Amino acid sequence: MATLILVFLTSFIVVLYSTPALIKVAVLKRLIDTPSEERKIHKRSIPTIGGIIIYAGTLFAYALWYNIEDRIYYDKILESVKEFKLIIATSLILFFVGVKDDIVGTAPVKKLFAHIVVALVLVLMGDIRITGLHGIFGVSDIPYWGSVFLSIFTYVVVVNSFNLIDGVDGLAAGVGLISCCAFGTWFIFANEYPYAALSFALGGALLGFLIFNFSPAKIFMGDSGSLIIGMFVCVLAIKMIEYPIQQLTPFWVKVSKPVFAISALIYPLLDTLRVFIIRAVKGQSPFTADRNHLHHKLLDCKFSHSKTVIIIYIFSVFTIGASVLTFFSTAPTISLFTVMFSGLVFLALVMRLNARKAKSRHSHTHAATTH
């Protein structure tokens, strides 16, 4: 446990003390994002390569404190080292794709190709894949080809979902932090400390970055950050879903692992699904940028950037807490839809109440002006 605290604090301190220097370099070299498009919310030029320090802080803390000699069995040591090597190798691909996109731009097709390459390496070489639905929709095991297809699809969706929600100050970093804390806590209870260490290494880096990224943001993470967050949390989610129940305590055996994983990623997944459906109905490319995201809708309800992200933070924590209640349910599918529906109701009520409040303020202002 002490090692996990050191991992978290190390990545946090590295990012906290290195980000100001990165901001200065980005400004001097003009590595900034200018509000040149109507859909962009910020009104001033802001450095957009913050993902560099998130990635560096995460890897530094994880590599510094993770000791494979703590593993008990030799085969587990070999498996852990192999997975660590593949995670580093594939994350480097996404990192450099993201850096290129932040600086000069990258075509969506090329980014999608990189996602698929990364997914193929992790699934086929690392065997980090979803082998079954664990009771969701009444399905347990699935054939190997179905497992490979579902796992690749999951990687692509999760990685892109974090990229798509990076549209409000502090949103992707905060949601990523909540996801990392959820996965890290789960892996602690499962006594799977290497993945708990990875969770808290990324979580510490995101907390340090959030100090500079929360509204008003001094720096953006860019694709170099959002793609890395998406990949790491996707690996964590799959490893959690596939973790042997024989090694879990009786309580966590009864908590649905897929429901908990989806709940930890609920906002990016839900928002991406919603946006893709809207774009498909309109006959647009799913990768076309627009203002149909849920965080845009909250902003349109006259919430500030800070209140918008805090509402989404609460929504994320609420759904994670609700997923733990699957302990009392024997139907994972019903639990999944109950968690998602309750979260949507929460967001709808927040927007409805604030819209009424804004309308009431407008009526009072209009009446005062008339008098």
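No lab work stands behind these numbers, since they all come straight from the coordinates. Note that the structure is predicted; figures quoted are calculated from it, not measured. Reconstructed Cβ throughout: ideal geometry from the backbone, glycine too, with neighbour counts over all protein chains shown.
Note on the chain: with charges restricted to the Cβ of Lys and Arg (+1) and Asp and Glu (-1), its dipole about the Cα centre is near 1420 debye. Protection proxy ranking, highest mean first, for peptides 280-293, 301-314: 301-314, 280-293, where packing is the per-residue count of other beta-carbon atoms within 10 Å, averaged.
Working note: Karplus 6.51/-1.76/1.60 with θ = phi - 60° gives segment 47-56 the couplings x, 10, 10, x, x, 4, 6, 5, 5, 5 Hz, where Gly and Pro are set to x.
So, counting K/R as plus one and D/E as minus one, what does the shell of residues with Cβ under 13 Å around Ser147 add up to? Could you put the intermediate results ahead of the total?
Working: positive: Arg129; negative: Asp127, Asp141, Glu242.
Net of charged neighbours comes to -2.
A simple spin-label model places the labels of Asp300 and Lys282 0.9 nm from each other, with each point 7 Å out along Cα-to-Cβ.
Could you calculate the contour length gain from Ile88 to Lys254, that is, 0.36 nm times the residue separation minus the distance between their Cα atoms, to one decimal place in nm? Numbers along the way, then the final one.
On the way: separation 166, 0.36 × 166 = 59.76 nm, distance 3.28 nm.
Stretched out fully, the Ile88 to Lys254 stretch lengthens by 56.5 nm.
Can you compute the modelled spin-label distance between Tyr144 and Arg291, with each label point 7 Å from Cα toward Cβ, in nm? With each label point 7 Å from Cα toward Cβ, the separation is 5.1 nm.
Within segment 186-219, what residues put their amide N at less than 12 Å from the label point 7 Å along the Cα-to-Cβ vector of Thr3? Correct set: 192-198. Taking Cα atoms only, the orientation of helix 222-241 departs from the longest principal axis of the chain by about 50 degrees. Principal-axis analysis of the Cα atoms of the chain puts helix 108-120 at an angle of about 20° to the longest axis.
How charged is the neighbourhood of Lys239? Take every other residue with its Cβ under 9 Å from the Cβ of Lys239, and add Lys/Arg as +1 and Asp/Glu as -1. Before the final figure, lay out each step's value.
Values: positive: none; negative: Glu83, Glu192, Glu242.
The answer is -3.
In this simple spin-label model, placing a label point 7 Å from the Cα along the Cα-to-Cβ direction at both Leu325 and Lys218 gives a separation of 4.1 nm. Lys/Arg Cβ at +1, Asp/Glu Cβ at -1, dipole of the chain taken about the Cα centre: which of Val324, Phe209, Ala182 is farthest positive-ward? The one lying farthest along the dipole's positive direction is Phe209.
In segment 79-139, the C-alpha radius of gyration followed by the widest Cα-Cα span (Dmax) gives 14.8, 47 angstrom.
State which entries of Lys111/Lys218; Lys110/Lys297; Lys218/Lys307; Lys24/Lys100 exceed 22 angstrom in Cα-Cα distance in the structure shown. Walk me through the numbers on the way to the answer.
Details: Lys111/Lys218 26 Å; Lys110/Lys297 30 Å; Lys218/Lys307 18 Å; Lys24/Lys100 19 Å.
Those over the limit are Lys111/Lys218; Lys110/Lys297.
With the highest mean first, a sort of the peptides 124-134, 18-28, 230-240 on other beta-carbon atoms found within 10 angstrom per residue produces 230-240, 124-134, 18-28. Just one of (i) 58, 49, 40; (ii) 80, 53, 43; (iii) 87, 44, 35 is Cα extents along the principal axes in Å calculated from these coordinates, so which is it? Recomputing Cα extents along the principal axes in Å here picks out (ii). Annotation: amide H of Asp33 within the under-5 Å range of Ile46, Thr48, sequence separation 5 or more or interchain, hydrogens built in the peptide plane.
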